[in-house]
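Following: one structure in structure tokens, then a few remarks.
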Amino acid sequence: MASVGVAPTSGLRESTGHGVGVDSLPEEMNDMKIRDDKEMEPTVVEGNGTETGHIIVTTIGGRNGQPKQTISYMAERVVGHGSFGVVFQAKCLETGENVAIKKVLQDKRYKNRELQTMRLLDHPNVVSLKHCFFSTTEKDELYLNLVLEYVPETVHRVIKHYNKLN
């Protein structure tokens, strides 16, 4: 069956190379940069720390001659739940910036490479990792907390919006 030139709805483009009809990523996705951010050293914060209204205090910097800096976040509301954790909208008390804090249980039974992956990614279509820290609970559970750029939309709503434009 011949192609009629309609773009696939998945966002992938049909390859025109060998007539095989294989989907490929859009060209702009090939420009994704990888960063080597060794400046970011996670700290450990004791206490549960991410209940709504709770203030989380952590430290950044202190490497390669940089002074240590204390950063405080106020957890404002839960914006998502997942199998391994929860995402909070929070506000940096020093700058007023809204951030997302993704709190992920570090289960020894699973390899969690999210921190390593997030440290490497640098692309306008990927939320940026601003800071990370670990927290513990009374039950000696260890959580990784990723402080991320806050995006006030869901992927579903963004796709729905752009589908209406086309």
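The values are calculated or read from the model by the stated rules, or taken from the named source; none is laboratory data. Nothing here was measured: the structure is a model prediction, and the numbers come from that model. Virtual Cβ from ideal backbone geometry, glycine too; neighbours counted across all protein chains shown.
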### Query
THR117 passes all but one of (1) part of a loop (DSSP other than H, G, I, E, B); (2) of a type in the set (Val, Ile, Thr); (3) surrounded by fewer than 13 Cβ atoms within 10 Å (Cβ to Cβ); which number fails?
(1)
### Message
Consider region 127-151. How many of its residues are modelled with pLDDT under 90 and assigned to a loop (DSSP other than H, G, I, E, B)?
### Response
5
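Check whether at least one residue in region 83-96 is part of a loop (DSSP other than H, G, I, E, B) and of a type in the set (Lys, Arg), and report yes or no.
no
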#### Entry: Single match in THR70, THR58, THR95, THR50 (criterion: modelled with pLDDT under 85 and polar (S, T, N, Q))
THR50
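One line per residue, one yes/no per condition, for (1) surrounded by fewer than 14 Cβ atoms within 10 Å (Cβ to Cβ); (2) without any contact (Cβ under 8 Å) to a residue 60 or more places away in the chain:
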| position | (1), (2) |
| --- | --- |
| HIS81 | yes, yes |
| VAL86 | no, yes |
| GLN89 | no, no |
| ASP107 | yes, yes |
| VAL127 | no, yes |
| LYS130 | no, yes |
| PHE133 | no, no |
| VAL147 | no, no |
| VAL151 | yes, yes |
